[in-house]
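K.L.:
Please read through the structure below; I'll follow up with questions.
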Amino acid sequence: MHKTSAWPLAWIYIALVAYASLYPFSDWRDQGIAPWTFLTAAPPKYWTGFDVATNVLGYAPLGFLLALSAMRSHRVVRGVMAATLAGALLSLTMETLQSYLPVRVPSNLDLALNVAGAWLGALLASALERVGAVDRWSRFRGRWFVPEARGALVLLALWPVALLFPAAVPFGLGQVFERLETALADALLDTPFLDWLPLREIELQPLIPFAEMVCVMLGLLTPILLGYCIIRSVAHRAWFLLAVLLAGLGTSALSAALSWGPEHAWAWFGAPVKAGLALAVLSGLAMLAAHKRVSVAVLLLALGLYLSLINQAPANPYFAQTLQAWEQGRFIRFHGVAQWLGWLWPYATLAYVLTQAWSREARN
């Protein structure tokens, strides 16, 4: 019996909801009112359909994941009730804490919409369970993946979400060096430790087309190789390769369309990107029959080279400025959550693969 991936995904989603609800985590203060006053206040006079949709859709995945997790050990009805109650408690906690943040406004309407979203997500999980979709997924997972695939499946599920925030290089996740350098300099300002901070003699320069092509290739090859580490057969690996390619292209196009307008959905799809995608597909095809240990070794090598290259490119402030001016861009950005996923995903993948390799060696 394999371990469900819904539990870790639910906990990750709870953390993302808390981050988005309490952002920007500054200027906490007691505003002189009871934190639960919003429960009996009049509903907000001004709201939009976009606000309603985001509040419902924001909690629907949480209800869905919690219900799936609960159904592993409880009946379907109890799973729906438990997921809805958990969503309600989380939303109530977030709205209450917002009373101490001057830039956030707690709302009973938001609470009701969040609970409705968690309930609808739980009902969807219940419906899938009743029609046998959950059992079919379990059988599908057993045929396709090794038993200890949960961690990799969680990372693969998060990869398209991480791509929602546009990057300086397509598929360019993990670009953190310049931001870490700036944050560390700000933290050490007015301290003697600032003199110990090594300084770059020249500013980071945009990547040349060849380096961009390599980054695109390795950025797409990373999830492909991660999947190869847990997929059993060559034929299934081939289908997975196609799925990753389509997911990467579709998510990147969606991100560009939401951020800069539908007419710019494919503006990022230039010659270096096309060449990088072609090389990634060819490399994936060449690795179809590779042993799992070979896939792990090549994945670690690819991640090391990729992170080294991508962090030699400067961050592009144009992306953040554009997203702030576009409502749909702010939605997919989710107060920076998608960007955080984009920063951390390659490093979480690196940690996961190293942990799995070490534990396998220890068992042997």
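K.L.:
Would you check if there is a residue in segment 225-244 being polar (S, T, N, Q) and either within 23 Å of residue 177 (Cβ to Cβ) or at pLDDT 95 or above (or both)? Walk me through how you get there before you give the answer.
P.N.:
The first filter runs over segment 225-244 and keeps only residues polar (S, T, N, Q), leaving 233.
Adding the requirement that they be either within 23 Å of residue 177 (Cβ to Cβ) or at pLDDT 95 or above (or both) leaves none.
No, segment 225-244 contains no residue that is polar (S, T, N, Q) and either within 23 Å of residue 177 (Cβ to Cβ) or at pLDDT 95 or above (or both).
K.L.:
Consider segment 272-287. How many of its residues are touching a residue at least 40 places away in the same chain (Cβ under 8 Å) and surrounded by fewer than 17 Cβ atoms within 10 Å (Cβ to Cβ)? Even if it seems obvious, please write down each step before you answer.
P.N.:
Step one: of segment 272-287, the residues touching a residue at least 40 places away in the same chain (Cβ under 8 Å) are 272-273, 275-277, 279-281, 283-285, 287.
Cutting the leftovers down to surrounded by fewer than 17 Cβ atoms within 10 Å (Cβ to Cβ) gives us 285.
Result for segment 272-287: 1.
K.L.:
Right, another one. Which of the following residues is under 30 Å from residue 249 (Cβ atoms), assigned to a helix (DSSP H, G or I) and at pLDDT 85 or above: 153, 92, 113?
P.N.:
On the way: 92 fails: under 30 Å from residue 249 (Cβ atoms); 113 fails: under 30 Å from residue 249 (Cβ atoms).
So the residue among 153, 92, 113 that is under 30 Å from residue 249 (Cβ atoms), assigned to a helix (DSSP H, G or I) and at pLDDT 85 or above is 153.
K.L.:
Here is a follow-up. When you scan segment 199-296 for helices (runs of 4 or more DSSP H) that lie fully inside it, which ones turn up with 3 or more residues that are more than 21 Å from residue 167 (Cβ to Cβ)? Give the derivation first.
P.N.:
Numbers: elements: 209-228, 234-260, 271-286.
Correct list: 234-260, 271-286.
K.L.:
If I ask for residues that are among the acidic types (Asp, Glu) and either assigned by TED's automatic domain parsing to the domain that holds residue 232 or within 24 Å of the chain's Cα centre (by Cα) (or both), which ones from segment 115-151 would you list? Steps first, please.
P.N.:
Keep residues of segment 115-151 that are among the acidic types (Asp, Glu), which gives 129, 135, 148.
Correct list: 148 only.
K.L.:
What do you reckon, is residue 143 over 28 Å from residue 27 (Cα atoms) and surrounded by fewer than 18 Cβ atoms within 10 Å (Cβ to Cβ)? Write out each step before concluding.
P.N.:
Working: over 28 Å from residue 27 (Cα atoms): yes; surrounded by fewer than 18 Cβ atoms within 10 Å (Cβ to Cβ): yes.
The answer is yes for residue 143.
K.L.:
To continue, here is another question. Looking only at segment 4-57, count how many residues are of a type outside the set (Gly, Ala, Ser), farther than 17 Å from residue 108 by Cα and either assigned to a loop (DSSP other than H, G, I, E, B) or free of Cβ contacts under 8 Å to residues at least 24 places away in the same chain (or both).
P.N.:
10
K.L.:
Can you name every residue in segment 211-229 that is buried (at least 24 other Cβ atoms within 10 Å of the Cβ) and over 18 Å from the mean Cα position of the chain (by Cα)?
P.N.:
Residues satisfying the conditions are 212, 215, 216, 217, 218, 225, 228.
K.L.:
Further question: Would it be correct to say that residue 146 is at pLDDT 80 or above and among the hydrophobic types (A, V, I, L, M, F, W, C)?
P.N.:
Numbers: at pLDDT 80 or above: yes; among the hydrophobic types (A, V, I, L, M, F, W, C): yes.
It is true that residue 146 is at pLDDT 80 or above and among the hydrophobic types (A, V, I, L, M, F, W, C).
The values are calculated or read from the model by the stated rules, or taken from the named source; none is laboratory data. These numbers come from a predicted model, not from an experiment. Here the Cβ is made from the backbone with ideal geometry for all residues, glycine too, and neighbour counts use every protein chain on show.
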